[in-house]
Amino acid sequence: MRITVLGGCGAWPVPGQACSGFLVEKDGFRLVVDLGYATMPRLPDVDVDAVIVTHGHPDHCADLNPLLRARVLRERPAPQLPVFAPHEALDAVLALDRPGILDNGLMLCEFTPGDRFEAGPFRVETALLPHWVPNAGLRLTANGQVLAYTGDSGPSPDVARLARDADVFLAEASHLDDVPDEARGFLSSATIAGAEATQAAAGHLVLTHLLATTSPAAAVDAARSRFRGEVTAARSGLVLRL
């Protein structure tokens, strides 16, 4: 399994970077997990095989629109792209174009967080994790290799369960340590992610969704205070090989 970070910023992309998005490849199958602001231009090409979106906030799905446009509006349109997302999560981004223009390029596969399904070689387990809107945490398994991803999530015992023994654990860490009162329960921090990685006995912890005010180096140090394994801050272009 090969994981390429398209972006790891939270809320909006800082200069030179992008919001949440990951290209996961296995046996020639190319799966994109989340497509936040500025991620689409970082794809090697638009001929991917499937997309999974964790939730409907635009820093996780806005670039689905240009990806579909690039596939549909070219001289030889691409086949329909399977896109898995929670119910109604993509209504806003799909409404950006006039009705029908993207229909031939999209196979929308809505699911309820908690469902399981397959996408190419990946067995996908989902869980409802706490956020302002329905958010699906993901556990992708292929040939015994495991990638877990929180999407955006407040603290929950389901996070450690989803990430149990994961080779790579992509964990939202918007904040460094304390989460502001208005976001507590809906977002996480590097310190919390480190504790969850320890509970899960995960292998490599990758901190993502860092806000512009959260220092990546400081976030890594904060996570290491709770987790003794490898810790990395997600950034555009980072490649992880399992």
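Points to keep in mind about this one:
- Every residue from the range 7-58 that is assigned to a strand (DSSP E or B), farther than 19 Å from residue 139 by Cβ and within 10 Å of the chain's Cα centre (by Cα): 7, 19, 35
- Counted residues, the range 170-220 - those being acidic (Asp, Glu) and buried (at least 24 other Cβ atoms within 10 Å of the Cβ): 2
Let's see how each residue does on (1) surrounded by 19 or more Cβ atoms within 10 Å (Cβ to Cβ); (2) hydroxyl-bearing (Ser, Thr, Tyr); (3) assigned to a strand (DSSP E or B); (4) in contact with a His (Cβ under 6 Å, 6 or more places away or on another chain):
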site: 88; (1), (2), (3), (4): no, no, no, no
site: 96; (1), (2), (3), (4): no, no, no, no
site: 113; (1), (2), (3), (4): yes, no, no, no
site: 136; (1), (2), (3), (4): yes, no, yes, no
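- Residues in the range 156-179 that are more than 15 Å from residue 137 (Cβ to Cβ) and of a type in the set (Ser, Thr, Tyr): 174 only.
- When the range 115-134 is filtered for residues that are part of a strand (DSSP E or B) and over 17 Å from residue 28 (Cα atoms), the ones remaining, listed by number, are 116, 117, 124, 125, 126, 127, 128, 129.
- Pairs are defined by a Cβ separation below 9 Å, a sequence spacing of at least 6 or placement on different chains, a first member in the range 180-205 that is at positive phi, and a second member that is modelled with pLDDT of 95 or more and part of a helix (DSSP H, G or I); the pairs so defined are 201/160.
- Only one of the numbered conditions (1) surrounded by fewer than 16 Cβ atoms within 10 Å (Cβ to Cβ); (2) within 29 Å of residue 128 (Cβ to Cβ); (3) of a type in the set (Gly, Ala, Ser) is violated by residue 100, and that is (2).
- Single residue of the range 70-84 satisfying the filter (out of contact with any Leu (no Cβ under 7 Å at 6 or more places or on another chain) and outside any loop (DSSP other than H, G, I, E, B)) that is farthest from residue 27 (Cα to Cα): 70
- For the range 170-184, filtered to residues that are in contact with a Ser or Thr (Cβ under 8 Å, 6 or more places away or on another chain) and of a type outside the set (D, E, K, R), the residue that is farthest from residue 203 (Cα to Cα) is 183.
- When residue 29 is tested against (1) surrounded by fewer than 21 Cβ atoms within 10 Å (Cβ to Cβ); (2) of a type in the set (Phe, Trp, Tyr); (3) farther than 22 Å from residue 147 by Cβ, just one condition goes unmet, and that condition is (3).
The values are calculated or read from the model by the stated rules, or taken from the named source; none is laboratory data. Everything numeric in this text was worked out from a predicted model, so none of it was measured. For neighbour counting, all protein chains shown are included, and Cβ atoms are generated from backbone atoms with ideal geometry for every residue, glycine included.
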